[in-house]
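Here's the structure we're looking at; comments come further down.
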Number of protein chains: 2
Amino acid sequence: MTASCRLRRTPFSQNVDNAGAKAFTVYNRMLLPTFFESIEADYHHLKSHVQLWDVSCQRQVEIRGPDASHLMQLLTPRNISSMMSGQCRYVPIVDDAGGMLNDPVALKLLDDLWWLSISDSDLLLWVKAIAIGFGLNVIVDEPDVSPLAVQGPTSKKLVERVFGSKINDIRFFGFDIFSFMGQDLIVSRSGYSKQGGFEIYLADYSLGTSLWSTLFEAGADLDVRAGCPNLIDRVEAGLLSYGGDMTSDNSPYECGLGKYCQPEEIKNCIGREALIKKSKEEPIRQIRPLEIAGSKVPICAEAWPLIKNHQRVGQVTAAVWSPDFETNVAIGMVDQEYWASGTELIVETPQDARSAIVRSSFWS
Amino acid sequence: MTASCRLRRTPFSQNVDNAGAKAFTVYNRMLLPTFFESIEADYHHLKSHVQLWDVSCQRQVEIRGPDASHLMQLLTPRNISSMMSGQCRYVPIVDDAGGMLNDPVALKLLDDLWWLSISDSDLLLWVKAIAIGFGLNVIVDEPDVSPLAVQGPTSKKLVERVFGSKINDIRFFGFDIFSFMGQDLIVSRSGYSKQGGFEIYLADYSLGTSLWSTLFEAGADLDVRAGCPNLIDRVEAGLLSYGGDMTSDNSPYECGLGKYCQPEEIKNCIGREALIKKSKEEPIRQIRPLEIAGSKVPICAEAWPLIKNHQRVGQVTAAVWSPDFETNVAIGMVDQEYWASGTELIVETPQDARSAIVRSSFWS
C-alpha cells in the first residue's frame with residue numbers, strides 16, 4: 001500500500017506502528033490495522049485477554065442544534081423516540097428506496113447533540129445535505145474525535161483501573177463522561193467484537209499517545225496487547241461489514257436488521273414508504289451464516305458465488321477458518337428459496353468448489 | 001494491505017495484476033494501482049509513450065430526469081448554463097459554507113442525463129440527499145461504469161486505431177459515443193495527467209479484459225504499458241488530490257479553483273452566499289507550488305509543516321523528486337503573507353528541516 005496524505009493517520013498511528021501492525025486496510029480514508037501477530041494469534045488473545053484497537057476510522061458525524069433530535073429520527077427507520085442521553089443505539093440509515101447507506105451507532109449526548117459513529121461511507125455528506133434540503137436548524141460536522149476500543153474478557157478490569165469504578169455503572173450500549181488528563185471524554189460499553197468491551201472517544205488528538213500508554217501500563221499484568229477488529233471473531237459473531245456484506249442495494253430486512261426498523265411507528269423518516277412495503281413481504285434474499293467444508297479457505301477478496309442446481313442463488317462475502325469451531329465460518333446473502341437451515345449449497349472459491357451448509361445461527 | 005470484499009475490484013483488476021502492479025492505494029473503496037515498475041520509471045514512460053490506467057475508482061454519479069440540469073446547477077458554483085451535450089467540465093462541489101466536497105468532472109450527456117466522474121468522497125450520498133431535500137424529479141445512482149484512461153503523447157494514435165478517425169473530432173474536455181463489441185461507450189479527451197489522452201467509460205463490466213487486450217494489442221509497436229496516475233507528473237502539473245491537498249475545510253478559492261466559480265451569476269447554488277462573500281476577499285491561504293531543496297524527499301504520508309520565523313505558515317501535502325526538473329517538486333497550502341513567489345520557508349519532513357521556495361507556477 002502506498003502512503004499519501006489522502007489516507008489519514010490517527011492519534012494512535014505511531015503506537016500502532018510501534019506495536020508492530022503487520023497489515024492494514026483503508027476505512028473512511030483512514031488506516032485501520034488488520035492484524036499484529038496473525039489473524040489467528042490475535043483471535044486467541046482477544047478471546048482470553050484484553051486488546052487496544054485503534055478504530056479512529058469510526059469517524060463521528062456530529063449533529064447539534066434545536067432540530068438535532070428531529071433530524072436524527074428523519075435519518076433512521078429505527079424508533080429512537082424513547083432514547084435518553086447516555087444511551088447508544090445501532091441505527092440503520094437508508095435512502096429513499098430503503099437501501100442501506102451506513103449502519104452507525106448513534107450516541108445521544110443531549111436532546112440537541114448527537115454523534116453517529118459511522119461505518120465505511122461518507123455519512124457526513126448525506127446528513128449535511130438532508131439538513132440543508134429540509135431547512136433544519138442544526139450544525140453538522142465531523143469533530144476531531146477518534147475512538148479507541150478496549151476489547152476482550154478482561155477489558156472491564158483494565159478500563160476500571162484507568163477511569164475508576166464508575167465504569168461499572170455503564171450498561172451495555174450506554175456511555176458516560178470521564179476525565180483524562182484534564183479533558184472530558186466519552187466511554188461507551190460497546191465495540192465490534194463479541195468478547196465485551198468499551199470504546200473511548202478521544203476528542204483531543206494530541207493526547208493519543210498518552211491515552212494509549214496509560215492503558216498499556218495499567219494492563220501490563222493483564223497481557224494487554226495492540227489489536228484490531230478480528231475477521232474470525234466478527235464472522236463467528238455475525239457482525240456485518242458495510243460495503244462488503246451489505247451495500248445500498250440491500251434493504252435492512254435483507255441484512256437481518258428488521259428488528260431495528262419500525263417505519264410504521266415513525267411519522268416521517270427517509271425511506272418510510274419503501275420500508276413499510278418491504279416489511280410486509282418476506283425479503284427475496286437475506287444474510288445467513290454458512291459453514292464451508294474442507295481445509296482453510298483463501299481470503300474472500302471478491303464475492304464467491306453460491307450455486308444450487310447450476311444456478312447462482314447467493315454469494316459469500318466473508319469467510320475464514322475458525323480454530324475454535326474447527327470449520328470455515330462464513331457470511332453470505334442467500335436467496336429465499338435456499339436459505340433454510342441445513343440447505344447444502346456449492347460455494348465457488350477461487351481455488352475450488354466446496355460444500356456450504358446454511359446454518360440457523362452464528363457461532364457465538 | 002489486506003484484501004476484503006469491502007475494497008472493490010474492477011473490470012480490469014485481473015489485467016492490472018497480470019501487468020505486475022507493485023503497489024496500490026484505496027480510492028472510493030476501490031483498488032487503484034500506484035506504480036508498476038517504479039514511480040520514476042513509470043513517469044519516464046508516461047512522458048514518451050502511452051499507458052492504460054485502470055481508473056475505475058473514478059466512480060460515476062448519474063443524474064437523470066426532468067430536473068437533472070436544474071440539480072446540476074444547484075450542486076456547483078460553476079456557471080454551466082452554456083454547457084452542451086458532449087462537453088465535460090471540471091466542477092467544484094461545495095457545501096453550504098463553501099467547503100470543498102469533491103472536484104469531479106461533469107459530463108453532460110443530455111439535458112436530462114448527466115454523469116459526475118468523482119474524486120475520493122461519496123458524492124453520491126450528497127447528490128441523492130440534495131435531490132430528496134429539494135423534492136427534485138430525478139433519479140440518482142451509481143451506474144456500473146468504469147473509466148479506463150489512455151494517457152501519454154501517443155495516446156491519440158492508439159485510440160484512433162481502436163475507435164477510428166472520429167476520435168480526432170473530440171476537443172479537449174469533449175466526448176463522443178463509440179461502439180466496442182456491440183456496446184456503446186463514451187470516450188472523452190481528458191485525464192489526470194498533463195501528457196494528453198483519453199478516458200474510456202466502460203459500461204459493461206464483462207468487457208473489461210476485452211477492452212484492455214484490444215488496446216494492448218493495437219499498441220504493441222507503441223510500447224503501450226499498464227500505468228496509473230503518476231505522483232511526479234501530477235505534482236509537476238499541479239493536479240490536486242481531493243482529501244490530500246484539499247478537504248472540506250478549504251474553499252475553492254483557497255484551492256486556486258476560483259476561475260471555476262461564478263456564484264454571483266447563478267440564481268441558486270449551494271454555498272452561493274458563502275462563496276460570494278469569500279470571492280470578495282483574498283483567501284487567507286492558498287495552494288502553491290514549492291521547490292524543496294536537497295536530495296530526494298521521503299514519501300509525504302502526513303502533512304509537513306511549513307515554517308517561517310518559528311511559526312507554522314502552511315503545510316506540504318505532496319512532494320516528490322522530479323528527475324526532469326532535478327529538484328523536489330511539491331504542493332502546499334501557504335498563508336497569504338508568505339505565498340509570494342520566491343519566499344523562502346522551512347519545511348519539516350520526518351527526516352530533516354529543509355528550505356522550500358514558493359514558486360509562481362507549476363512545472364508543466
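Here are the numbers:
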quantity: Exclusive hit being assigned to a strand (DSSP E or B) and buried (at least 17 other Cβ atoms within 10 Å of the Cβ), set A:Glu62, A:Glu40; calculated: A:Glu62
quantity: Any hit, the stretch B:89-107, residues being open to solvent by less than 20 Å² (accessible area, probe 1.4 Å), under 17 Å from B:Ala203 (Cβ atoms) and more than 14 Å from chain A (Cβ to nearest Cβ); calculated: yes
quantity: The stretch B:1-15, residues that are assigned to a loop (DSSP other than H, G, I, E, B) and either open to solvent by 30 Å² or more (accessible area, probe 1.4 Å) or within 11 Å of another protein chain (Cβ to nearest Cβ) (or both); calculated: B:Met1, B:Thr2, B:Ala3, B:Ser4, B:Cys5, B:Arg6, B:Leu7, B:Arg9, B:Thr10
quantity: Matching option when the condition is in contact with a Phe, Trp or Tyr (Cβ under 8 Å, 6 or more places away or on another chain) and over 19 Å from A:Met100 (Cβ atoms), among A:Ala330, A:Ala301, A:Ala293, A:Ala319; calculated: A:Ala319
quantity: Members of the stretch A:65-87 that are in a loop (DSSP other than H, G, I, E, B) and open to solvent by 40 Å² or more (accessible area, probe 1.4 Å); calculated: A:Pro66, A:Asp67, A:Arg78, A:Asn79, A:Ser81, A:Ser82, A:Met84, A:Ser85
quantity: Failed criterion for A:Lys267 (all others in (1) in a loop (DSSP other than H, G, I, E, B); (2) within 14 Å of chain B (Cβ to nearest Cβ); (3) of a type outside the set (Ser, Thr, Tyr) hold); calculated: (2)
quantity: In the stretch B:108-126, the residues that are more than 18 Å from B:Leu239 (Cβ to Cβ) and more than 14 Å from chain A (Cβ to nearest Cβ); calculated: B:Lys108, B:Leu109, B:Leu110, B:Asp111, B:Asp112, B:Leu113, B:Trp114, B:Trp115
quantity: Pick from the stretch B:16-26, criterion touching a residue at least 24 places away in the same chain (Cβ under 8 Å) and more than 8 Å from every other protein chain (Cβ to nearest Cβ), ranking: surrounded by the fewest Cβ atoms within 10 Å (Cβ to Cβ); calculated: B:Gly20
quantity: Every pair of residues 6+ apart whose Cβ atoms lie under 9 Å, when the first sits in the stretch A:116-136 and is on the phi > 0 side of the Ramachandran plot while the second is part of a helix (DSSP H, G or I); calculated: A:Gly135/B:Gly133
quantity: Checklist (1) of a type outside the set (Ser, Thr, Tyr); (2) within 11 Å of chain B (Cβ to nearest Cβ); (3) in a loop (DSSP other than H, G, I, E, B); (4) over 16 Å from A:Ala97 (Cα atoms) applied to A:Asp249, failing item; calculated: (4)
quantity: Test for A:Ser81: is it in contact with a Lys or Arg (Cβ under 8 Å, 6 or more places away or on another chain) and more than 25 Å from A:Asn250 (Cβ to Cβ); calculated: no
quantity: Conditions (1) within 14 Å of chain A (Cβ to nearest Cβ); (2) assigned to a loop (DSSP other than H, G, I, E, B); number of the one not met by B:Pro33; calculated: (2)
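Table: residues versus (1) under 21 Å from A:Gln351 (Cβ atoms); (2) in contact with a Ser or Thr (Cβ under 9 Å, 6 or more places away or on another chain); (3) assigned to a loop (DSSP other than H, G, I, E, B); (4) modelled with pLDDT under 95.
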| position | (1), (2), (3), (4) |
| --- | --- |
| A:Pro229 | no, yes, yes, no |
| A:Arg234 | no, yes, no, no |
| A:Leu239 | no, yes, yes, no |
| A:Ala274 | no, yes, no, no |
| A:Arg288 | no, yes, no, no |
| A:Ala318 | yes, yes, no, no |
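A quick yes/no check of all residues on (1) touching a Pro at 6+ places or on another chain (Cβ under 8 Å); (2) open to solvent by 30 Å² or more (accessible area, probe 1.4 Å):
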position: A:Ala237; (1), (2): no, no
position: A:Pro263; (1), (2): yes, no
position: A:Arg285; (1), (2): no, yes
position: A:Glu291; (1), (2): no, yes
position: A:Lys296; (1), (2): no, yes
position: A:His310; (1), (2): no, yes
position: A:Thr317; (1), (2): no, no
position: A:Ala353; (1), (2): no, yes
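The values are calculated or read from the model by the stated rules, or taken from the named source; none is laboratory data. Quick caveat, the model's predicted, so the values are computed rather than measured. Glycine gets a Cβ as well: all are built from the backbone with ideal geometry, and neighbour counts include every protein chain shown. Just the protein is used for accessible areas: all its heavy atoms, side chains included, with ligands, DNA and RNA removed. Shrake-Rupley method; radii C 1.70, N 1.55, O 1.52, S 1.80 Å.
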